[in-house]
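A short write-up of the structure that comes next.
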């Protein structure tokens, strides 16, 4: 089981620790943020885009398609009540590669990245709360 821990470091700025890596996260100005780092939804979308890009690049390298300059743009809408992202669409561009009749294979590869699989199969998230009286979770 993996664990990524996110801590408030001050003034609505957060730091997530994942192994040896740290990632700073800010919130929108409407929530008290100051545009010092990406917001959680931006990181979520970037996670999807980078996961798709990695899987597509790996497939292209394996079958001899030029993946140099590969770009994955995730286009999305924002909705309210509840606040969420909707209509996510991944636009994959291979500016130097020709995939010929492999578009369906590329689509299957992109759909199998773990972030996409999680989005499409996750039934929900369980929340646990601990306060000063509880023992530390981690």
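Annotations for the structure displayed:
- Tail weight of P(r) past 13 Å, computed on alpha-carbon pairs of the stretch 39-104, percent: 67
- Spacing of the modelled spin labels on residue 50 and residue 83, each 7 Å from Cα toward Cβ, amounts to 2.3 nm.
- GNM flexibility winner over the chain from 117, 128, 71 (Cα, springs under 10 Å): 128
- Based on C-alpha pairs under 8 angstrom that are at least 6 apart in sequence, the chain has a relative contact order of 15 percent.
- Maximal additional length on extending the residue 134-residue 102 stretch stands at 6.1 nm, based on 0.36 nm per residue less the C-alpha distance.
- Choice from 115, 91, 72 with maximal GNM fluctuation in the chain (Cα, 10 Å cutoff): 91
- Centroid-to-centroid separation of the stretch 36-63 and the stretch 65-110 [C-alpha atoms, Å]: 9
- What the Cβ-Cβ distance of residue 120 and residue 8 gives, at R0 = 25 Å and to the nearest 0.05, is a FRET efficiency of 0.20.
- Taking log10 I(q)/I(0) by the Debye sum over Cα atoms at q = 0.14 Å⁻¹ as calculated from this structure, the corresponding entry among (i) -0.99; (ii) -0.85; (iii) -0.63 is (ii).
- Cα gyration tensor shape for the stretch 1-52, rounded if a/c is under 1.5, else prolate or oblate: oblate
- For the chain, modelled as a GNM whose springs connect Cα atoms under 10 angstrom apart, the maximal fluctuation among 37, 79, 53 occurs at 79.
Every read-out reported here was derived from the displayed coordinates using simple, explicitly stated rules and does not represent laboratory data. Values in this document were obtained by computation on a predicted structure and should not be read as measured data. Here the Cβ is made from the backbone with ideal geometry for all residues, glycine too, and neighbour counts use every protein chain on show.
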